[in-house]
Amino acid sequence: MAVPIQPPSPPASGTTSPKQQHAQPWITTPLKESAALSKAAGCRIFLKLENLQPSGSFKSRGIGHYILRRLAALPPSTRPHIFSSSGGNAGLAAVHASTALGLPATVCVPLSTKPLMISKLHAAGALDVVAHGAAWAEADAHLREVIIKEHEAKGGVAIYTPPFDHPDIWTGNSTVVKEVAAQMQESGDGAPDVLICSVGGGGLLNGVMEGLDSLDLSSSVDVLAVETAGAESLAASMSAGSLISLPKITSQATSLGAVRVASKAFEYATREGSRVRSFVLPDAEAAMGCWRLADDERLMVELACGVNVALCYDGRLEKALGRKVRPEEKVVVVLCGGSNVTAEMLHQWREEFGWIEKGMPETGGKVPSEVVKPVV
Ligand SMILES: *Cc1c(COP(=O)(O)O)cnc(C)c1O
């Protein structure tokens, strides 16, 4: 008997309005307690899997929310064009959000942007990827002063998306903490004791602090704000006692490569009663965090994220906290994710930085990544 085939459903809307103006361009991500990382760290490690966001990083939250706010301020029938000047995860988040909302996106990236990231921007559905200028500042200026101006001159409506320094981005990022709190409540685990996140321009840290403030948790949760050496713009400002800019970025963790953090991030870190602790690790240890996470949890993340994971190994957590950790303590790692990683890069990082594991305390084979590490 022939089964009638359902006719395809009609398109969601006409051609003048966006496909789903109010679709949320990020997802609720799982919070996973990691047995292997907990063994390595000596306390309970929870991974907030932001690597599973549509764009591959938590930036889907902040940039997604920022775009929704701009859309809400426009007349309903406008079909704006989204513009970003990031060849990194912020650009990917802008493109993923645009396609989810049925809007076109153009990204202008510096000429130094890797083919891997350009191909990811295209795969995500970017209408156009323009390479211009030696560094981000030049790509950004070209986007604002040439590409967006041309678009507007033709009567088009443009939404420019910054990478981190905007309150709407922080509010979007704050949803990660609200989710963690709800998930831990749900599982009967109460509130976290420690939150670990990395800091580039401070958009994620600002979101984390906004979330903790709104839940009345910022006076009881320790926040480890982690950077790589050569991108330590928060650490440098904190030790200078005022907001300063780094002369240049020398870390390979380019997603953390903001020479100056948002002033709000400095404020959160230094305000009265702040429980934010800044911690800096070299690229080698960030890379180690990436390959050990791959071996222990089968997850691939870039250096900007691996730097958080590195804290779970070889006693680094106690060093960062400046105190002992208790076995029942609950530590949440915001596994921010990032698309600047491939199997080959993980392999090369271990070739280049594998020495970092020499002479480290062994756990007697309790942690998988220790058992499978190559003999050097
Ligand atoms: C952007 C980014 C960061 C840093 O976030 P900021 O908001 O700039 O501080 C960290 N990790 C990953 C994977 C990122 O994409």
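For this structure, a couple of remarks:
- The residue list Gly87, Gly64 contains one member that is under 15 Å from Phe164 (Cα atoms), at pLDDT below 95, within 16 Å of the ligand (Cβ to nearest atom) and within 23 Å of the chain's Cα centre (by Cα), which is Gly87.
- Here is the figure for region 138-165: residues that are of a type in the set (A, V, I, L, M, F, W, C) and within 16 Å of the ligand (Cβ to nearest atom) total 1.
So that you can scan it fast, the table gives a plain yes or no per residue for (1) buried (at least 19 other Cβ atoms within 10 Å of the Cβ); (2) within 16 Å of Ile147 (Cβ to Cβ); (3) within 16 Å of the ligand (Cβ to nearest atom):
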residue: Arg69; (1), (2), (3): no, no, no
residue: Leu74; (1), (2), (3): no, no, no
residue: Arg79; (1), (2), (3): no, no, no
residue: Leu101; (1), (2), (3): yes, no, no
residue: Lys120; (1), (2), (3): yes, no, yes
residue: Ala124; (1), (2), (3): yes, no, yes
residue: Leu127; (1), (2), (3): no, yes, no
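- In summary, Gly188 fulfils each of the numbered conditions (1) small (Gly, Ala, Ser); (2) near the ligand (Cβ under 10 Å from one of its atoms); (3) under 24 Å from Val325 (Cα atoms) with the single exception of condition (2).
- Yes/no for Val261 being under 18 Å from the mean Cα position of the chain (by Cα), of a type in the set (Val, Ile, Thr), buried (at least 24 other Cβ atoms within 10 Å of the Cβ) and farther than 11 Å from Thr228 by Cβ: yes
- Residues satisfying the stated conditions in region 23-55, i.e. assigned to a loop (DSSP other than H, G, I, E, B) and either hydrophobic (A, V, I, L, M, F, W, C) or out of contact with any Asp or Glu (no Cβ under 9 Å at 6 or more places or on another chain) (or both): Ala23, Gln24, Pro25, Trp26, Ile27, Pro30, Cys43, Leu49, Gln53, Pro54, Ser55
- The set of residues in region 157-185 being surrounded by fewer than 22 Cβ atoms within 10 Å (Cβ to Cβ), under 13 Å from Gly64 (Cα atoms) and at pLDDT below 95 consists of Pro162 alone.
- Some residue of region 318-332 being assigned by TED's automatic domain parsing to the domain that holds Val221, within 16 Å of the ligand (Cβ to nearest atom) and either more than 15 Å from Phe279 (Cα to Cα) or crowded, with 18+ Cβ neighbours inside 10 Å (or both): yes
- Region 187-209 residues that are in the same structural domain as Ala286 (by TED's automatic domain parsing) and closer than 22 Å to Tyr313 by Cα, paired with ones that are polar (S, T, N, Q) and not in a helix (DSSP H, G or I) (beta carbon under 9 Å, 6 or more apart): Asp193/Ser220; Ser198/Thr228; Val199/Ser278
- Scanning region 186-238 for residues that are buried (at least 24 other Cβ atoms within 10 Å of the Cβ) and of a type in the set (Ser, Thr, Tyr), we see that the one that is farthest from the chain's Cα centre (by Cα) is Ser233.
The values are calculated or read from the model by the stated rules, or taken from the named source; none is laboratory data. All of these numbers come straight from a predicted model, not from anything done at the bench. Here the Cβ is made from the backbone with ideal geometry for all residues, glycine too, and neighbour counts use every protein chain on show.
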